[in-house]
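Q: I am attaching a structure below and will ask some questions about it afterwards.
The values are calculated or read from the model by the stated rules, or taken from the named source; none is laboratory data. The shown structure was predicted, so the numbers you read here are calculated from the model rather than taken from an experiment. Glycine also receives a Cβ, built like all others from the backbone with ideal geometry; neighbour counts cover every protein chain displayed. Just the protein is used for accessible areas: all its heavy atoms, side chains included, with ligands, DNA and RNA removed. Shrake-Rupley method; radii C 1.70, N 1.55, O 1.52, S 1.80 Å.
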Amino acid sequence: KLSYTAAITKYGSSRIQFNQSCVALPTSLSIKKGTEIMLDNRANVARVVSLEGVKYIIAAYDYVVATVTTSASLPHTMLVDCGNGQNNSTIIVQQ
């Protein structure tokens, strides 16, 4: 696993960051199908982040890398949920 600083450098434009309240930045991201993205938890508690129902458990102040994929026709808007929130962010998946 990359150090946090190296991950920021590698995934900088393909990163969704979640704060203590699960507010996501950016609120929308447009990427190609098959792209790896960084799900970045900046809270002091572990978070469950879901990309259309696929759950990722992210430790406090940690991150995971997820590959964005969908069987839906493209372009497709993927919903991103954090904790108890819904639609905290969206990913527009392009071909």
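Q: Tell me the strands (runs of 3 or more DSSP E) entirely within the stretch 24-95 that contain at least 3 residues that are open to solvent by less than 10 Å² (accessible area, probe 1.4 Å) and aliphatic (A, V, I, L, M).
A: In the stretch 24-95, the matching strands (runs of 3 or more DSSP E) lie at 36-41.
Q: If the Cβ limit is 6 Å and pairs must be 6+ apart or interchain, which residue in the stretch 8-28 that is farther than 18 Å from Val65 by Cβ pairs with which residue that is hydroxyl-bearing (Ser, Thr, Tyr) and open to solvent by less than 60 Å² (accessible area, probe 1.4 Å)?
A: What qualifies is Thr27/Ser89; Ser28/Thr90.
Q: Right, another one. Report every pair of residues separated by at least 6 positions or lying on different chains whose Cβ atoms are under 7 Å apart, first residue within the stretch 29-50 and touching a residue at least 12 places away in the same chain (Cβ under 8 Å) and within 17 Å of Ala7 (Cα to Cα), second among the polar types (S, T, N, Q) and open to solvent by less than 60 Å² (accessible area, probe 1.4 Å).
A: Close Cβ pairs (under 7 Å, with a partner that is among the polar types (S, T, N, Q) and open to solvent by less than 60 Å² (accessible area, probe 1.4 Å)) amount to Thr35/Ser14; Glu36/Ser14; Ile37/Ser14; Met38/Ser14; Asp40/Gln17; Arg42/Gln17.
Rundown of residues vs (1) within 19 Å of Val93 (Cβ to Cβ); (2) at pLDDT 95 or above; (3) of a type in the set (S, T, N, Q), yes/no style:
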| site | (1), (2), (3) |
| --- | --- |
| Ser14 | yes, yes, yes |
| Gln17 | no, yes, yes |
| Gln20 | no, yes, yes |
| Ile31 | yes, yes, no |
| Ala43 | no, yes, no |
| Ala59 | no, yes, no |
| Val65 | yes, yes, no |
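Q: With respect to Val23, is the statement that it is among the hydrophobic types (A, V, I, L, M, F, W, C), more than 22 Å from Lys1 (Cβ to Cβ) and touching a His at 6+ places or on another chain (Cβ under 7 Å) true?
A: no
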